[in-house]
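Worksheet for the structure shown next.
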Amino acid sequence: MELDIRHLRAVCAIEDTGSLHKAARQLGLTQPALSTQLRRIEAFVGGPLFTRERTGCRATPLGRILLTRARPLIDGLGTLVDEARAVAAATAEGPGRLRIGSTASRALPGWLRRLRANAEFLGTEPTLRVDVSAHALLRRVAEGGLDVAFVHEVEGSPLRMPPGLVWRVLVEREPQFVSLSTDHPAAGRSVVRLSDLAGDRWMVDPTVDGEWDGLLRALRSAGLQPRVLHGDYLTAASLVATGEVVALCQPTSRSRTDMAIRPLYGDPVGVRLLLAARSETLLDAVLPDLRAAYGEAARQAPAYHFQEDPV
């Protein structure tokens, strides 16, 4: 046996969730299968990685060393795959493509639909690259790998805009909402206070520029010491639906039968939405469609009282 990325992800999941049962559910495995996998990993490295307690699993000193080394490797592999796919896509696309980069947004489908409808006018068809890191997208625009980037800037964590880029503000301050399971006690309220979530675990994606810092500032200002798990948006949605965690979300997000989207009292966390490019002309060409698409997404979210700026 040799350690591979699958084993490292399993160890990180056990640490993040605090139990074999929850980690197995997050990884899509049965608990016996994960237990067997953990025993093989521990046999390979030569010692126990976790102690099993009534309250869950706690990393041993050996486990903490492995976790410290594992997380950068997992993140680095993700970056490597993203960069390889970007190069392959750029090679396949050839000329005549409007290369769009974006952080996650409900406005993207409407924006792409409008750009494709205007392709004859713009003289190009759009392609899309989504990344959790606004800084990574902005760098790609500056280096010529993308033409335009739609990104969000978390309040209190300003983005470093590379030299040579120009930008426009789409929304000066978008309040961030909270997603929670529909059977959560606070889900019955139209507006949720941070104090209503004092006993909950939060899930954040540490690779999203500024998100963890923004949430931590808000929680500490409310006098709360958060319990935090790290994971991506897809994992967060799954755990929110089962009541394991709560998470920040965009106000354009939509409630589901198993998940409620609610505003936070006082809007303690906000982001600024920006569109960046190397050319003023390109910004002026694509911004109106993005503004219209964002307004459409906002109107479809009943709890988001978005006031569109006059064009």
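The values are calculated or read from the model by the stated rules, or taken from the named source; none is laboratory data. Because the structure is a prediction, the values reported are computed rather than measured. Cβ sites come from the backbone with ideal geometry, for glycine too, and all protein chains shown count toward neighbours. These area figures cover heavy atoms from the full protein model, side chains too; ligands, DNA and RNA do not enter into them. Shrake-Rupley method; radii C 1.70, N 1.55, O 1.52, S 1.80 Å.
Using Cα springs under 10 Å in a Gaussian network model of the chain, which residue among PHE44, PHE177, PHE150 shows the largest mean-square fluctuation?
Of PHE44, PHE177, PHE150, the most mobile in the Gaussian network model is PHE44.
Given only helices, namely DSSP H runs of n ≥ 4 each adding -39500 (n - 2.57), what is the per-residue ellipticity at 222 nm of the chain, to the nearest 500 deg cm²/dmol?
-13500 deg cm²/dmol, from helical runs alone.
Compute the acute angle (0 to 90°) between the alpha-carbon long axis of helix 108-117 and the principal axis of greatest extent of the alpha-carbon atoms of the chain; round to the nearest 10°.
That helix lies at roughly 30 degrees to the long axis.
Rounded if a/c is under 1.5, else prolate if a/b is larger than b/c, else oblate: which is the range 144-216, with a ≥ b ≥ c the root eigenvalues of its Cα gyration tensor?
In terms of gyration-tensor shape, prolate.
Anyone know which of GLU42, GLU155, GLU211 comes out most mobile in the 10 Å Cα GNM of the chain?
Result for the chain, Cα springs under 10 Å: GLU42 fluctuates most.
Going by a ≥ b ≥ c, the root eigenvalues of the Cα gyration tensor, does the range 135-291 fall in the rounded group (a/c under 1.5), the prolate group (a/b larger than b/c) or the oblate group?
Prolate.
Rounded, prolate or oblate: which fits the range 162-255, taking a ≥ b ≥ c as square roots of the Cα gyration tensor eigenvalues, rounded meaning a/c under 1.5, else prolate when a/b beats b/c?
It comes out prolate by the Cα gyration axes.
Restricting to Cα pairs below 8 Å that are 6+ residues apart, what does the relative contact order work out to for the chain? Please round to a whole percent.
20
SER255's amide H: which non-local residues (gap 5+, or another chain) put their own amide H closer than 5 Å, with H modeled 1.01 Å from N in plane and none for Pro or chain starts?
Amide H to amide H, under 5 Å and 5 or more residues apart or across chains, SER255 pairs with ILE261.
When only C-alpha pairs under 8 Å and at least 6 residues apart count, what is the relative contact order of the range 138-283, in percent?
46
If you add up the charges near HIS184, with Lys and Arg at +1 and Asp and Glu at -1, over every other residue whose beta carbon is less than 15 angstrom from its beta carbon, what do you get?
Computed value for this residue: 0.
Count the net charge of all other residues whose Cβ sits under 15 Å from the Cβ of ARG254, scoring Lys and Arg as +1 and Asp and Glu as -1.
+2
If you put +1 on each Lys and Arg Cβ and -1 on each Asp and Glu Cβ, how big is the dipole of the chain around its Cα centre, in Debye rounded to 20?
The calculated dipole for the chain is roughly 780 debye.
Pop out the carbon and sulfur fraction of the accessible area of the chain as a percent, whole number, probe 1.4 Å.
Ligands and nucleic acids excluded, carbon and sulfur give 53 percent.
Using a 7 Å offset from Cα along Cα-Cβ at ALA198, what residues in the range 209-246 end up with backbone N under 16 Å from the label point?
219-227
Amide H of VAL178: which non-local residues (sequence gap of 5 or more, or other chain) have their own amide H closer than 5 Å, using H built in the peptide plane?
It is CYS249, ARG262, LEU264, by chain and number.
Which far-off residues, 5 or more places away or on another chain, put their amide H under 5 Å from the one on VAL245, with H placed in the peptide plane?
Close amide H contacts, sequence-distant or interchain: VAL240.
How high is the relative contact order of the range 220-308, in percent, counting Cα pairs under 8 Å that sit 6 or more residues apart?
It rounds to 24 percent for the range 220-308.
Top mean-square fluctuation among ARG278, ARG52, ARG173, Gaussian network model of the chain, C-alpha springs under 10 Å?
Ranking ARG278, ARG52, ARG173 by mean-square fluctuation puts ARG52 first.
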